[in-house]
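The values are calculated or read from the model by the stated rules, or taken from the named source; none is laboratory data. Small disclaimer: the values here were computed from a predicted structure and weren't measured. Note that we place each Cβ from the backbone using ideal geometry, even for glycine, and neighbour counts take in every protein chain shown. Calculation scope for accessible area: heavy atoms of the full protein, side chains included, ligands and nucleic acids excluded. Shrake-Rupley method; radii C 1.70, N 1.55, O 1.52, S 1.80 Å.
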Amino acid sequence: MARGPRIEDYAIIGNMLSAALVSRDGSIDWLCLPRFDSHACLAALLGSPENGRWKIAPAAGGARISRRYLKDSAVLETRFETDTGVATVTDFMPASADEDQIDLIRIVRGERGVVDMSMDLTLRFSYGRVIPWVQRRDYGVSAVAGPDAIEITTRAPLRGKNMHTSADFKVAAGERVPFTMSYHPSHKQAQFTPDSSQSLDETLAFWAEWVRRGSFDDMPPPLREPVVRSLITLKLLSFGPTGAIVAAPTTSLPEEIGGTRNWDYRYCWIRDSALTLFALLNAGYRDEAEAWRRWLLRAIAGHPQQLQVLYGLGGERWLPEFEIPWLCGYEDSRPVRVGNAAADQIQLDIYGELLDTLHAAREAALQPHAEAWALQKVLLSHLEERWREPDRSIWEIRGEPRAFTHSRVMCWVAFDRAIASAEHFGLEGPVERWRRVRADIHEDVCANAFSAAKNSFVQYYGGDDLDASALLMPQLGFLPPHDPRVIGTIAAIERELVSGPLVRRYSTDTGVDGLKGDEGAFLACSFWLVDAYVLCGRLDDAHALFDRLLALRNDVGLLAEEYDGRAGRQLGNFPQAFSHIGLINSAHNLVKRKGPALQRAERIAPKHAQRVHGET
């Protein structure tokens with residue numbers, strides 16, 4: 001079977017409503033409209049060109065290709081150098097708050113000589129299945145299928161109809177040929193963009209101003225670029241109308257090529273919340289942090305028994321998982337899934353992530369919400385009765401529920417942060433009872449999750465397998481960084497889960513996760529190891545590992561969820577928010593020595609640290 005672009009061959013453009021993936025060869029192979037979680041109208045990424053793509057490139061093959069984002073922006077420029085000249089294609093989506101009008105603009109510009117260019121467009125609604133009704137217009141073409149309509153505006157000579165629309169044209173030095181794709185509901189009229197150059201200038205100005213709002217004064221130049229690029233990527237993954245942040249703009253990019261570990265990540269996970277908040281606050285983006293916190297409170301509002309692991313962009317709870325049989329999957333990695341059944345799982349760690357986030361928001365003096373504390377007390381009352389239950393863990397296993405160590409640690413975090421909030425901010429609550437529960441959980445974890453034989457905390461009670469989530473223990477404040485059990489756990493993970501700069505989440509050979517096949521190394525876990533090194537004082541190791549992880553980014557600075565060290569390629573949904581959050585937070589830990597890992601670890605005051613030792 002012919003192979004298409006690698007995952008790392010893509011770049012992202014977006015407008016805080018949706019996003020598109022653009023390959024190195026000038027093809028947009030993934031686009032969902034009008035939102036991240038809408039049906040794709042360009043789905044070649046998970047199928048073939050017949051399932052929808054939009055390619056603009058030199059007519060003859062063999063061009064030398066390079067690309068970049070224009071400075072501090074999400075505007076992508078791809079440079080094609082041929083035997084007859086040089087042309088660039090500039091791709092961007094103007095920022096918009098209007099879901100009824102979304103534009104994607106592509107500007108072809110001649111830089112030197114004359115280049116014969118080709119444009120090929122195949123629109124397919126409903127994830128590559130529905131062929132729209134396409135009509136020629138004086139401005140280009142219109143395509144309609146049910147509730148959705150797309151207009152293509154250009155002065156290039158178009159040909160074709162329902163199956164394909166194409167154009168061949170020349171571009172000489174100094175000439176520009178713009179193309180605009182405009183989405184709108186089919187029962188409304190599109191408002192055409194009058195001037196693509198003006199839209200480009202406005203988009204560049206938007207991103208320049210957004211970056212200027214950040215705090216990068218103490219970030220050395222070698223780190224500023226990857227941190228800024230990661231923050232721009234995080235902004236691109238935010239949904240402007242609600243403040244939500246999706247885990248990734250894609251579904252079903254495989255964790256193993258040809259495998260079945262293919263999941264839909266176009267939703268918002270509670271467990272990302274605390275690290276996301278730290279990433280935004282440490283970079284100076286308080287508005288985005290506040291919007292994220294507000295989304296979080298709206299999403300979780302309701303009965304504590306109905307707290308979910310993930311939610312939709314507006315806080316939607318019903319996210320049924322189903323398969324799309326007509327798409328062959330990325331490099332034959334089936335099935336292609338839409339929706340995520342993890343929304344129905346019990347994962348007790350999310351209580352800790354949630355209360356950690358809300359405590360951090362109080363410490364950062366974000367706008368207070370009186371109802372947030374009342375909600376937390378109700379959640380803790382519920383958790384007090386449930387923390388001993390087995391669950392599906394941070395990794396959302398599809399095997400049997402177990403007493404996972406990280407889940408119990410995060411239950412401890414939930415009570416610890418509630419106690420800290422009550423003590424620091426004078427909030428009312430049953431603090432003495434919470435202290436007893438916190439002590440019980442701590443004693444339970446230390447008694448049942450530590451293996452003397454391995455000198456390490458293990459993945460679940462009664463097992464001897466390791467889990468990279470144990471790297472979070474010191475920064476969560478569960479144990480001090482120099483505790484012998486923490487040092488032993490890091491050493492064990494280095495022995496069993498680390499290869500080069502890569503850290504695996506856990507061994508897939510045990511069958512614990514209930515899935516067939518293997519997966520790549522989880523990039524966020526590799527950044528957690530950087531943080532653990534910083535906390536333990538192994539600064540040379542931390543810097544060396546961080547530099548090696550930066551080298552895994554693609555040519556425009558993007559990271560997927562995982563990395564295959566043997567094949568030397570990225571795996572999983574792309575770009576992945578969690579990977580970029582890890583990069584941002586580790587950079588702050590390295591530079592400031594006062595980044596998120598240390599901020600979290602130092603939440604244990606000296607008295608409390610003594611109590612923790614006593615509880616063990």
Which residue is most open to solvent (accessible area, probe 1.4 Å), if the candidates are limited to the stretch 461-505 and must be assigned to a strand (DSSP E or B) and free of Cβ contacts under 8 Å to residues at least 60 places away in the same chain?
Val498
Is it fair to say Gly514 is open to solvent by 10 Å² or more (accessible area, probe 1.4 Å), within 18 Å of Lys592 (Cβ to Cβ) and of a type in the set (Gly, Ala, Ser)?
no
Residue list for the stretch 563-577, filter: surrounded by 24 or more Cβ atoms within 10 Å (Cβ to Cβ) and over 12 Å from Tyr10 (Cβ atoms)
Tyr563, Leu571, Gly572, Gln576, Ala577
Under the condition of being assigned to a helix (DSSP H, G or I) and over 24 Å from the mean Cα position of the chain (by Cα), which residue from the stretch 537-557 is surrounded by the most Cβ atoms within 10 Å (Cβ to Cβ)?
Asp541
Hey, can you tell me all the residues within the stretch 439-457 that are part of a helix (DSSP H, G or I), in contact with a helix residue (DSSP H, G or I) (Cβ under 8 Å, 6 or more places away or on another chain) and more than 28 Å from Glu371 (Cα to Cα)?
His442, Glu443, Asp444, Val445, Cys446
Looking only at the stretch 222-243, which residues are among the basic types (Lys, Arg) and at positive phi?
none
Restricting the stretch 40-77 to residues that are without any contact (Cβ under 8 Å) to a residue 24 or more places away in the chain and buried (at least 16 other Cβ atoms within 10 Å of the Cβ), the residue that is nearest to the chain's Cα centre (by Cα)
Glu77
How many residues are open to solvent by 20 Å² or more (accessible area, probe 1.4 Å) and under 25 Å from Gln475 (Cβ atoms) if we restrict to the stretch 388-398?
4
Of the residues Glu432, Glu363, Glu385, Glu371, which is under 23 Å from Ala279 (Cα atoms), open to solvent by 50 Å² or more (accessible area, probe 1.4 Å) and either in contact (Cβ under 8 Å) with a residue 60 or more places away in the chain or of a type outside the set (A, V, I, L, M) (or both)?
Glu363
Does Arg271 satisfy the condition of being surrounded by 20 or more Cβ atoms within 10 Å (Cβ to Cβ) and either in a loop (DSSP other than H, G, I, E, B) or free of Cβ contacts under 8 Å to residues at least 24 places away in the same chain (or both)?
no
Does Gly329 satisfy the criteria of being surrounded by fewer than 24 Cβ atoms within 10 Å (Cβ to Cβ), in contact (Cβ under 8 Å) with a residue 60 or more places away in the chain and on the phi > 0 side of the Ramachandran plot?
yes
Within the set of pairs 6 or more residues apart or between chains, which connect a residue that is under 10 Å from Leu223 (Cα atoms) inside the stretch 578-591 to a residue that is modelled with pLDDT of 95 or more and not in a helix (DSSP H, G or I) with Cβ atoms less than 6 Å apart?
none
Total residues in the stretch 112-126, condition outside any helix (DSSP H, G or I) and open to solvent by less than 50 Å² (accessible area, probe 1.4 Å):
10
Selected residue [part of a helix (DSSP H, G or I) and either over 20 Å from the mean Cα position of the chain (by Cα) or surrounded by 24 or more Cβ atoms within 10 Å (Cβ to Cβ) (or both)] from Ala560, Ala524
Ala524
Kindly indicate whether any position in the stretch 438-457 is of a type in the set (Ser, Thr, Tyr) and either closer than 23 Å to Val530 by Cα or open to solvent by 60 Å² or more (accessible area, probe 1.4 Å) (or both).
yes
Could you check, for the stretch 399-409, whether at least one of its residues is surrounded by fewer than 15 Cβ atoms within 10 Å (Cβ to Cβ) and closer than 24 Å to Trp263 by Cβ?
yes
Scan the stretch 506-521 for residues that are more than 18 Å from the chain's Cα centre (by Cα) and touching a residue at least 12 places away in the same chain (Cβ under 8 Å) and jot them down.
Tyr506, Ser507, Thr510, Gly511, Val512, Asp513, Gly514, Leu515, Lys516, Gly517, Asp518
Restricting attention to the stretch 345-354, the residues that are more than 21 Å from the chain's Cα centre (by Cα) and either more than 21 Å from Pro304 (Cα to Cα) or surrounded by 24 or more Cβ atoms within 10 Å (Cβ to Cβ) (or both) number exactly 1
Counting only helices (runs of 4 or more DSSP H) wholly inside the stretch 321-438, the ones holding at least 2 residues that are over 26 Å from Asp287 (Cα atoms) are 370-386, 405-425
Going through Asp37, Asp25 one at a time, which residue ends up being part of a loop (DSSP other than H, G, I, E, B) and open to solvent by 40 Å² or more (accessible area, probe 1.4 Å)?
Asp25
Could you say which residue among Val530, Val534 is over 21 Å from the mean Cα position of the chain (by Cα) and either open to solvent by less than 40 Å² (accessible area, probe 1.4 Å) or more than 17 Å from Ile584 (Cα to Cα) (or both)?
Val534
Restricting attention to the stretch 480-511, the residues that are basic (Lys, Arg) and within 11 Å of Ala468 (Cα to Cα) number exactly 2
Tell me, which strands (runs of 3 or more DSSP E) wholly within the stretch 127-200 include 3 or more residues that are buried (at least 16 other Cβ atoms within 10 Å of the Cβ)?
140-145, 148-154, 165-172, 176-185
With the condition kept exactly as written, say whether any residue in the stretch 246-259 is over 17 Å from Gln570 (Cα atoms), open to solvent by less than 10 Å² (accessible area, probe 1.4 Å) and not in a loop (DSSP other than H, G, I, E, B).
no
